[in-house]
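Below is one structure, written out as structure tokens; the observations come after it.
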Amino acid sequence: MSIEGHSSAPGANVIVEHYCEHRLADGTGCREWGGWGSSPSPAVPTRWWCFEHFPHKSYEQEQALRRKLEAAEGGKIIQ
């Protein structure tokens with residue numbers, strides 16, 4: 001695999017790991033990957049959450065998550 005054509009700009013090839021910003025009741029942070037980001041504008045840094053803690057879910061997404069969590073508590077596996 002060649003790197004020909006890749007950017008040589010400073011920081012262009014840096015991988016940034018972002019985890020969920022949600023804080024649990026005991027003050028520790030959620031350990032899940034923050035794959036859902038949101039920012040009101042390019043001037044404001046992006047905040048990251050896991051899907052469970054993402055505050056901007058639609059009603060349908062919220063219901064699907066609730067069903068998945070309820071099934072996991074009952075021992076069922078839903079994908």
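In the chain, the portion of solvent-accessible area held by carbon and sulfur atoms comes to 54 percent [1.4 Å probe, whole percent, DNA, RNA and ligands not counted]. Amide H to amide H, with H built 1.01 Å from N, His22 comes under 5 Å of Cys30, Cys50, counting only residues 5 or more places away or on other chains.
Each of [x] 11.1, 29; [y] 16.6, 59; [z] 17.4, 51 is a candidate for Rg and Dmax of the Cα atoms in Å; the one calculated from this structure is [z]. Listed peptides 13-26, 47-60, 30-43 appear in the order 47-60, 30-43, 13-26 once ranked by packing, highest mean of other Cβ atoms within 10 Å at the front.
The values are calculated or read from the model by the stated rules, or taken from the named source; none is laboratory data. This is a predicted model, so every value here is computed, not measured. Virtual Cβ from ideal backbone geometry, glycine too; neighbours counted across all protein chains shown. When the accessible area is computed, the model is the full protein with side chains, heavy atoms only, and any ligands, DNA or RNA have been set aside. Shrake-Rupley method; radii C 1.70, N 1.55, O 1.52, S 1.80 Å.
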